[in-house]
Amino acid sequence: AQTVTQSQPEMSVQEAETVTLSCTYDTSESDYYLFWYKQPPSRQMILVIRQEAYKQQNATENRFSVNFQKAAKSFSLKISDSQLGDAAMYFCAYRSVTGNQFYFGTGTSLTVIP
Amino acid sequence: ETGVTQTPRHLVMGMTNKKSLKCEQHLGHNAMYWYKQSAKKPLELMFVYNFKEQTENNSVPSRFSPECPNSSHLFLHLHTLQPEDSALYLCASSQNRVMSNEQFFGPGTRLTVL
């Protein structure tokens, strides 16, 4: 089974600054999908951004962007101009092109300091 | 909101009780999932249903019994649970005809087993 590793259990960032959350994964597949999810305290988990492995261009969604390094099996999330509402648990996830399973990391708890 | 609802939001039960968790999705998805979320652990996939058929059962103890009467509803029946089963139980759905599609999560049921 694929494994997803988030090596930073906790991170903090000053409001308006930039922070990068790390994610690495292990797979033998050449095609797959990667996701970053956000889970605010006591609220539902929602998708932040997704990346298709066959696309070389890094995905961007407003203040959120990824650095996808396929050879290194790395998929980091960069949050620019951090806002108080960005405080949450962030989960990295992997999905194979076959099967229905998603594989999640252990999460990174992000604190935004006013 | 994500279009996935779960009830109850909180549940406290004794080890001899029988209870059920309910999940409903209003998104027209064809796959539904149960996850267990414990602190400092990756999300643990428990069950996957695709078009009402169970396609994954990740060695879950028989004290957890899923039921999927149709593509919009998913239940998790609980009986004779153990205190270590206390966790947040998340339901999710996805449209598996398009593999790049993410999962949509419900708010979860916070389960405490006494």
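Computed from the coordinates by the stated procedures, all read-outs in this text should not be read as laboratory data. In this text the structure is predicted, and so the values were computed from the model without any measurement. No Cβ is skipped: glycine too gets one built from the backbone with ideal geometry, and neighbour counts run over all protein chains shown.
Okay, here's what the table says:
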read-out	value
Distance between region A:49-79 and region B:27-57 - C-alpha centres, whole angstrom	25
Kirkwood hydrodynamic radius over Cα pairs of chain A, then Stokes diffusion coefficient at 25 °C and 0.890 mPa s, in µm²/s	173
Cleavage-rule hits (chymotrypsin sites (Phe, Trp or Tyr not before Pro)) in region A:1-79: DSSP loop, at most 12 neighbouring Cβ within 10 angstrom	A:Tyr54
Sparse-neighbourhood loop sites, GluC sites (Glu not before Pro) in region B:29-73 - DSSP loop, at most 14 other Cβ within 10 angstrom	none
Rg to Rh, two decimals, where region B:38-83 supplies the alpha carbon set and Rh follows Kirkwood	0.99
Estimated FRET transfer efficiency when R0 is 22 angstrom, pair B:Glu84-B:Ser20 (beta carbons, to 0.05)	0.65
Cysteines not pairable in the protein assembly as shown (beta carbon separation under 4.7 Å absent)	B:Cys68
22 Å Cα-Cα threshold exceeded, pairs from A:Lys78/B:Lys36; A:Lys55/B:Lys36; B:Lys19/B:Lys40; A:Lys38/B:Lys41	A:Lys78/B:Lys36; A:Lys55/B:Lys36; B:Lys19/B:Lys40
Among A:Ser22, A:Ser12, A:Ser76, residue whose mean-square fluctuation peaks in a GNM of chain A (springs only between Cα atoms under 10 Å)	A:Ser12
nm² value of the averaged projected area, convex hull over the Cα atoms of region A:1-48	4.9
Residues whose placed amide H lies under 5 Å from that of A:Met89, excluding near-sequence neighbours	A:Gln39, A:Leu110
For B:Asn17, net neighbour charge (Lys/Arg +1, Asp/Glu -1) across residues whose Cβ lies under 12 Å away	+2
Within-14-Å neighbourhood charge of A:Gly85 [Cβ basis; K, R +1; D, E -1]	0
GNM top mover of A:Ser80, A:Ser30, A:Ser42 - chain A, alpha-carbon springs below 10 Å	A:Ser42
Average beta carbon contacts from partner chains per residue of B:29-41, 10 Å cutoff	2
Coil-residue trypsin sites (Lys or Arg not before Pro) of region B:1-85, DSSP, other Cβ within 10 Å capped at 12	B:Arg9, B:Lys40
